[in-house]
Amino acid sequence: MSMARQAEPAVTAPSGSGPKQTDGRTVRRPLALRLLARPEVGVFLGAAAVLVFFLIAAPSVRQGSSMATILYQSSTIGIMALPVALLMIGGEFDLSSGVAVISSALTASMLSYQLTLNVWTGVIVALVVSLAIGAFNGWMVVRTGLPSFLITLGTFLILQGVNLAVTKWVTGNVATDDISDMDGFAQAKRIFASSFDVGGVQVKITIVWWLVFAALATWVLLRTKYGNWIFAVGGNKESARAVGVPVNFTKITLFMLVGLGAWFVGMHNLFSFNTVQSGEGVSNELIYIAAAVIGGCLLTGGYGSAIGPVFGAFMFGMVNQGIVYAGWNPDWFKAFLGVMLLGAVLINLWVQRTATRR
């Protein structure tokens, strides 16, 4: 007897006697429920609501230059939120992502300045260092079996101390030297930190990179074998390993993708401000994780998208700048973020329950 028998209808109706009847397993779910099953739907509605709110509360938001600033703030969060989201879908966390951004920028700046090299040498070495940090985190997680929360917390503390100590030792200060007059700076700035004019409004290049990376991450998740591996290891790594998914490879490369994102944002910071403060980056990892969670990624892994964190990052940028444009006390920003995070978790929970309800 075949193991793949087709389910027969519970009731067989005579031809032409009425609508075709099927059992509950073959009923097509309503469009509304199928849309709610998408992880980015809830955050899209939330982002739209936040946008409308600040358009009313802060009229200056309606100006093109204001919206460009909001999108710029969102892009600096969103570029890092994308690999963090992929890692969370794969079932892991990275608490070192915030200070890893600064580590990358410090490496490129000090290496180039102290050795009087072309800045592209520092950029390439910084990329290698960032990927190595990600590979170390991933290797430690798969080798020891310890929670990534603990492993990356240790890396966070190590990098925080190294950033401060090495910068003071090399430069005698807590910040790096200005590299704006060095060879290769202008070319690197055009890639990582330039602006272009759109209708008289200056738009940062990071906005374009953000959208390109989001499209690429979406394609990887939905159209490649590697995307299937990410969902599989995040859902149940033992089951994934049993069907031939390279669990260790997938997890290590996901951590390396976070390192890649940290390198890119670090280079943007360096070539935007010409110098780097060694103590920055602390607590930014929580913003990246929060943007991914608000974007529909589950803390337990195995569920999420790349589009959701785009809207999650936009909400952060909108609130951050919207409070300023509204003339409110910016000290309320963290409170707004907490409300947004709790609200997003509750909305995601409601969306999942509604989507799975018959």
Query raised in the report: Which of the peptides 308-314, 160-166 is most tightly packed, and how do the rest follow, judged by the mean count of other Cβ atoms within 10 Å per residue?
Result: 308-314, 160-166
Report task. Please list 251-257, 218-224 highest first by mean number of surrounding beta-carbon atoms within 10 Å per residue. Result -> 251-257, 218-224
Report task. State whether the stretch 103-145 is rounded, prolate or oblate according to the following rule on the C-alpha gyration tensor (a ≥ b ≥ c being the square roots of its eigenvalues): a/c under 1.5 gives rounded; otherwise a/b larger than b/c gives prolate, and the remaining case gives oblate. Result -> prolate
Query - Directionally averaged projected area (convex hull, Cα atoms, the stretch 152-276), nm² - result: 11.2
Query raised in the report: When only the heavy atoms of the protein chains count and the probe is 1.4 Å, how do Trp169, Trp209 rank by accessible area, highest first?
Result: Trp169, Trp209
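What is the projected area of the convex hull of the Cα atoms of the chain, averaged over all directions, in nm²? Intermediate values should be presented prior to the final figure.
Details: hull surface 96.0 nm².
Taking a quarter of the hull surface, the average projection is 24.0 nm².
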Report task. Run down the aspartates and glutamates and flag those whose C-alpha is under 14 Å from the C-alpha of Lys237, throwing out any fewer than 8 positions away in its chain. Result -> Glu92
Requested in this report: Could you tell me what % of all Cα pairs in the stretch 209-358 have separations over 26 Å?
Outcome: 37
Report summary line: The aspartates and glutamates whose Cα lies under 20 Å from the Cα of Lys189, excluding any fewer than 8 residues away in the same chain, are Asp177, Asp178, Asp181, Asp197
Query raised in the report: In degrees from 0 to 90, rounded to the nearest 10, what is the angle of the helix 333-356 Cα long axis to the longest principal axis of the chain?
Result: 20
Report summary line: Looks like the stretch 145-193, by Cα gyration tensor root eigenvalues a ≥ b ≥ c and the a/c under 1.5 rounded cutoff (else prolate when a/b is bigger than b/c, oblate otherwise), is oblate
Query raised in the report: Starting at 0 and stepping by 5 Å, how many percent of the alpha carbon pairs of the stretch 68-220 end up in each bin?
Result: 2, 8, 14, 17, 19, 17, 13, 7, 3, 0, 0
**Report entry** Phi to ³J(HN,Hα) by Karplus 6.51 cos²θ - 1.76 cosθ + 1.60 over the stretch 87-93, Hz, x for Gly, Pro
**Finding:** 5, 5, 4, x, x, 10, 10
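Once fully extended, how much extra length lies between Thr224 and Ser180, figured as 0.36 nm per residue of separation less the alpha-carbon to alpha-carbon distance? Don't skip to the end; give the middle numbers.
Values: separation 44, 0.36 × 44 = 15.84 nm, distance 4.07 nm.
Full extension from Thr224 to Ser180 adds 11.8 nm.
With a ≥ b ≥ c taken as the square roots of the eigenvalues of the C-alpha gyration tensor of the stretch 252-298, please select rounded if a/c is under 1.5 and otherwise prolate if a/b is larger than b/c or oblate if it is not? Display every interim value, and only then the final one.
On the way: a/c = 2.44, a/b = 1.61, b/c = 1.51.
Prolate shape, in that a/c is at least 1.5 and a/b is the bigger ratio.
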Query - Set of aspartates and glutamates near Lys334 by C-alpha distance (under 13 Å), chain-local residues within fewer than 8 positions excluded - result: none
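The values are calculated or read from the model by the stated rules, or taken from the named source; none is laboratory data. Predicted, not measured: the structure shown is a model, and the values here were computed from it. Ideal geometry is used to build each Cβ from the backbone, glycine not excepted, and the neighbour counts take in all protein chains shown. Surface accessibility is based on the protein's heavy atoms, side chains included, excluding ligands, DNA and RNA. Shrake-Rupley method; radii C 1.70, N 1.55, O 1.52, S 1.80 Å.
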